[in-house]
Amino acid sequence: MPREQLKQLLGQLQNELDQTRFLDDEARAMLEELHEDIEDVLDAEKQQDDPVYATLRERLVGASARFSAQHPTLDAALREIGTMLGKIGI
């Protein structure tokens with residue numbers, strides 16, 4: 001169930017990205033890369049020793065901090081995704 005919820009959250013994040021007009025190319029690329037990496041982890045069910053696991057939550061925390069002031073909806077979505085990743089052991 002948490003994996004399904006996480007996929008829904010990723011869909012919400014994508015919607016937020018699509019609706020956010022004032023986001024520089026670097027930030028948008030970073031968020032899209034995070035989204036793809038999370039999808040890869042969920043779809044491939046990679047092992048926890050995979051290098052993607054080592055940085056994924058750290059990158060989410062960094063992205064959340066970056067967007068907290070200017071893009072609070074992105075920040076909230078990223079924090080919730082981080083929480084869900086923790087629930088499934090990532």
TODO: Please turn the phi angles of segment 82-90 into ³J(HN,Hα) values with the Karplus equation 6.51 cos²θ - 1.76 cosθ + 1.60 (θ = phi - 60°), one per residue in order, whole Hz, x for glycine and proline.
DONE: x, 5, 5, 4, x, 5, 9, x, 9
- [ ] Would you mind working out the accessible area per residue for the chain, using a 1.4 Å probe, and quoting it in Å²?
- [x] 61
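On the accessible surface of the chain, probed at 1.4 Å, how many percent belong to carbon and sulfur atoms? Don't skip to the answer; put the middle values down first.
Working: 2540 of 5480 Å².
After summing per-atom areas, the C and S share lands at 46 percent.
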Task: Value of Rg/Rh across the chain [Cα atoms, Kirkwood radius] - done: 0.94
Open item on the list: Let's see if you can work this out: charge +1 on each Lys and Arg Cβ, -1 on each Asp and Glu Cβ, no other charges. What is the dipole magnitude of the chain about its Cα centre, in debye to the nearest 20?
Closed with: 420
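The values are calculated or read from the model by the stated rules, or taken from the named source; none is laboratory data. Computed from a prediction, not measured in an experiment: that's the story for all the values here. Methodologically, a virtual Cβ is constructed for each residue, glycine included, from the backbone with ideal geometry; neighbour enumeration extends over all protein chains shown. Protein only, heavy atoms only, side chains kept; ligands, DNA and RNA dropped before computing areas. Shrake-Rupley method; radii C 1.70, N 1.55, O 1.52, S 1.80 Å.
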